[in-house]
Ligand SMILES: Cc1cc2nc3c(=O)[nH]c(=O)nc-3n(C[C@H](O)[C@H](O)[C@H](O)COP(=O)(O)OP(=O)(O)OC[C@H]3O[C@@H](n4cnc5c(N)ncnc54)[C@H](O)[C@@H]3O)c2cc1C
């Protein structure tokens, strides 16, 4: 079943990324995602960048046909939405370090808001940093990292994470971003003896565990994930190695 929601506002976060806000009374948890149907184009997965209260949002990076069509929408236009789907983050513990890389920052925003935990937002360059203004409203410690050094720490998210973890005790790292970032975050957590919860991305058609497109070993990213902890990740042989494209072909990361 799907709902139709009306876009209330559109905010330009970066040259290629926009946030769409809408009222939707569905119960959603930090880390969950929705399927957005763009009639005549496609239906695609999007993390909820705001989950609490009646107002929800998605933050969309323009990549291809469907996301370009979404970027043309304006306040008053309607979206067809299914969900929320997936398990979301377990935020019942304490001492989290939260990391968002690139547009993956959208998925960690509700966790930042719910916990007020220390947060790293990382991207290639200052023009790719998103949602730092909103994150800074909810955490006292927000650190920015850019690969080219144009803003904040000069280096990647994992280098900065290691620096911060050496200065302060954390129990668990919560992260969403490109798979290479998640892979090295996982490796760093293993070295440092930290727990982690990483939100994964795979090509999806149904979002509800039926089509099998997003299978990774014996887990469905849409239903069993998208968030996996260190014990589950240890059993995912495809993590950081390969993914499947829309035709089911294996695409190697390295
Ligand atoms: C659980 C989940 C949550 C997601 N949350 C978000 C979110 O919050 N915000 C967001 O912007 N996106 C998110 N995505 C990714 C988003 O679904 C895709 O970017 C989108 O489906 C692309 O559709 P398209 O038709 O615009 O591009 P397509 O026409 O499908 O792809 C265009 C080209 O870009 C490549 N491509 C596709 N996706 C990506 C990607 N993610 N990164 C790099 N290259 C890509 C394709 O291989 C192709 O070459 C999420 C994905 C999943 C599985």
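The values are calculated or read from the model by the stated rules, or taken from the named source; none is laboratory data. Just so we're clear, the structure is a prediction, and the values are computed from it rather than from any experiment. All Cβ positions, glycine included, derive from the backbone under ideal geometry; neighbour counts span all protein chains shown.
Just one of the numbered conditions (1) assigned to a loop (DSSP other than H, G, I, E, B); (2) modelled with pLDDT of 95 or more; (3) touching a strand residue (DSSP E or B) at 6+ places or on another chain (Cβ under 6 Å) is not true of residue 182: (1). In the stretch 186-195, the count of residues that are within 14 Å of the ligand (Cβ to nearest atom) and part of a loop (DSSP other than H, G, I, E, B) is zero. In the stretch 26-35, the condition of being part of a strand (DSSP E or B), touching a strand residue (DSSP E or B) at 6+ places or on another chain (Cβ under 7 Å) and surrounded by fewer than 21 Cβ atoms within 10 Å (Cβ to Cβ) is met by no residue. Just so you know, in the stretch 65-105 the residues that are within 11 Å of the ligand (Cβ to nearest atom) and over 21 Å from residue 206 (Cα atoms) include one that is farthest from the chain's Cα centre (by Cα), and it is 71.
When we screen 60, 41 for residues that are within 8 Å of the ligand (Cβ to nearest atom) and at pLDDT below 95, the only hit is 41. Taking residues in the stretch 173-185 that are farther than 19 Å from residue 47 by Cα, and partners anywhere that are in a strand (DSSP E or B), the pairs with Cβ atoms closer than 8 Å and at least 6 places apart or on different chains are 185/99; 185/173; 185/175; 185/196; 185/198.
Restricting attention to the stretch 133-152, and to residues there that are farther than 14 Å from residue 97 by Cα and in contact (Cβ under 8 Å) with a residue 24 or more places away in the chain, which single residue is surrounded by the fewest Cβ atoms within 10 Å (Cβ to Cβ)? Within the stretch 133-152, the match that is surrounded by the fewest Cβ atoms within 10 Å (Cβ to Cβ) is 148. What about residue 203, is it buried (at least 18 other Cβ atoms within 10 Å of the Cβ) and either at negative phi or assigned to a helix (DSSP H, G or I) (or both)? Considered against the rule, which asks whether it is buried (at least 18 other Cβ atoms within 10 Å of the Cβ) and either at negative phi or assigned to a helix (DSSP H, G or I) (or both), residue 203 comes out as no.
The residue pairs whose first member lies in the stretch 49-68 and is in contact (Cβ under 8 Å) with a residue 12 or more places away in the chain and farther than 21 Å from residue 28 by Cα, whose second member is more than 6 Å from the ligand (Cβ to nearest atom) and part of a loop (DSSP other than H, G, I, E, B), and whose beta carbons are closer than 6 Å, counting only pairs six or more residues apart or on different chains, are 61/16; 62/16; 65/41; 66/41.
Restricting the stretch 209-254 to residues that are over 18 Å from the mean Cα position of the chain (by Cα) and within 12 Å of the ligand (Cβ to nearest atom), the residue that is surrounded by the most Cβ atoms within 10 Å (Cβ to Cβ) is 213.
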